[in-house]
1. So how do B:Met17, A:Met25 line up by other beta-carbon neighbours within 10 Å, fewest first?
2. Sort region A:104-146 into rounded, prolate or oblate with this rule: let a ≥ b ≥ c be the square roots of the eigenvalues of the Cα gyration tensor; rounded if a/c is under 1.5, and if a/c is not under 1.5, prolate when a/b is larger than b/c, oblate otherwise.
3. Taking the Cα centre of chain A as origin, sum charge times position over the Cβ atoms of Lys and Arg (+1) and Asp and Glu (-1), and report the length of that vector in debye to the nearest 20.
4. Residue by residue through region A:25-31, what is 3J(HN,Hα) from phi via Karplus (6.51 cos²θ - 1.76 cosθ + 1.60, θ = phi - 60°)? Round to whole Hz and write x for glycine and proline.
5. Helix-only estimate, please: 222 nm mean residue ellipticity of chain A, summing -39500 (n - 2.57) across DSSP H runs of length 4 or more and dividing by its residues, to the nearest 500.
6. Quick one: order A:Ile33, A:Ile213, A:Ile154 by neighbouring beta-carbon count within 10 Å, fewest to most.
7. Roughly how crowded by other chains is peptide B:78-86, in terms of the mean Cβ count from those chains within 10 Å of each of its Cβ atoms?
8. Filter the GluC sites (Glu not before Pro) in region A:134-236 down to the DSSP loop ones having no more than 13 other Cβ atoms within 10 Å, then list what survives.
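None of the figures in this text is laboratory data; all of them are computed from the coordinates on show. Just so we're clear, the structure is a prediction, and the values are computed from it rather than from any experiment. In this analysis, Cβ positions are derived from the backbone assuming ideal geometry, glycine residues included, and neighbour counts consider all displayed protein chains.
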Amino acid sequence: MKKKWNNHIRGRNPFQLLFLFLLFMLTVILAVIFCNIPEKSSVLEAGIVSMQNQSGVNSPVTAVLLNFRGYDTLLEVMVLLIAVIGVWSLTKATSFGNTADISPVQLGVVHLLTPVMCLVAAYLVWQGSHLAGGAFQGGAILGAAGVLLLVSEIPWTHAVPALVLRIGLVFGPLIFTGIALYCLWARGGLLDYPTGSAGWLILLIETTCALSIGLTLALLFAGGRPDENGSEGDIQ
Amino acid sequence: MITTMLYSLTGLILFGMGFYTLIIHSHPLRKILAVNVMATGVFLILVATAYIPVGQGDIDPVPHAMVLTGIVVSVSVTALALIFACKVQENSNLDLLRKRNHRKPMKERGL
């Protein structure tokens with residue numbers, strides 16, 4: 001047993017062992033810090049609770065996401081857009097195969113599931129104003145529906161014009177930026193929603209962003225820019 | 001309190017394991033997976049700090065909002081990193097993706 005352990009140690013680079021040791025120390029130090037964190041400071045939470053009725057939504061998470069820290073969310077939507085731009089500038093989309101190779105059971109399931117997934121996504125976005133839910137959850141479901149369509153090689157997914165995809169990608173971020181700039185012009189603060197209309201502005205942002213996020217995730221899965229002559233993933 | 005500690009420490013261990021793989025292994029796919037495991041550890045820690053036992057008030061929404069956006073951003077980062085890894089494989093002679101193991105078998109080193 002001991003010999004086996006020695007062999008195990010000797011087979012490794014000394015720097016590897018050093019790194020393992022340092023990493024172990026880091027983990028222990030962080031664990032000690034975690035153990036000594038004082039009971040949660042509720043300053044932030046109390047602030048959120050007291051401002052909740054001004055935020056226009058009843059869900060505290062959505063209020064933080066799109067009102068109190070709206071600037072952060074705006075930048076994260078931009079990160080998604082930049083990721084797609086990065087992927088598109090590197091590769092062209094590849095086709096997975098032929099519709100004829102897909103089993104009829106899978107096609108049937110996709111035809112049943114896609115409308116249901118769109119419905120669930122819409123419900124999640126709507127629910128975001130008072131319960132758990134919102135643009136990112138709805139967008140994730142939409143993205144999953146898009147991935148399902150791509151995997152099943154549904155013919156019309158290859159016939160979507162590239163321009164439509166591009167407009168769909170920037171739709172959510174543009175509406176979000178537009179509302180932010182409107183607030184800057186009308187109220188003097190970026191994303192400082194006018195009193196009373198915060199609720200429907202947040203719903204508008206969430207709906208458009210959910211569409212764009214869903215499209216973003218599906219296109220990231222497609223893994224490349226659409227063909228220039230208009231059809232996505234149609235190569236050779 | 002115990003629950004929070006348990007989840008936080010699990011997240012910390014996940015972070016450490018991911019960090020180790022990120023530094024030690026040379027294969028790009030392993031590095032991408034390692035970054036994902038690290039991110040999962042951080043999300044677990046953040047959600048654990050927001051945890052409050054049922055019936056003792058509301059959850060802390062700030063970490064939840066951060067994790068929510070973080071997950072979607074980490075998915076897009078993974079996609080971009082995978083494309084980069086494919087490009088590295090296509091444009092280099094290193095055969096990074098074909099190399100099965102970064103360690104040579106013991107016999108080849110004369111041990």
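1. Working: B:Met17 16, A:Met25 10.
By the 10 Å Cβ count, ascending, the order reads A:Met25, B:Met17.
2. On the way: a/c = 4.53, a/b = 2.71, b/c = 1.67.
Judged from the Cα gyration tensor, region A:104-146 comes out prolate (a/c at least 1.5, a/b above b/c).
3. Dipole of chain A, to the nearest 20 debye: 1180 debye.
4. 4, 4, 4, 5, 4, 5, 5
5. -22500 deg cm²/dmol
6. Fewest-to-most Cβ neighbours within 10 Å comes out as A:Ile33, A:Ile154, A:Ile213.
7. Average neighbour count from other chains, rounded to a whole number: 5.
8. Here the sparse-neighbourhood loop sites are A:Glu228.
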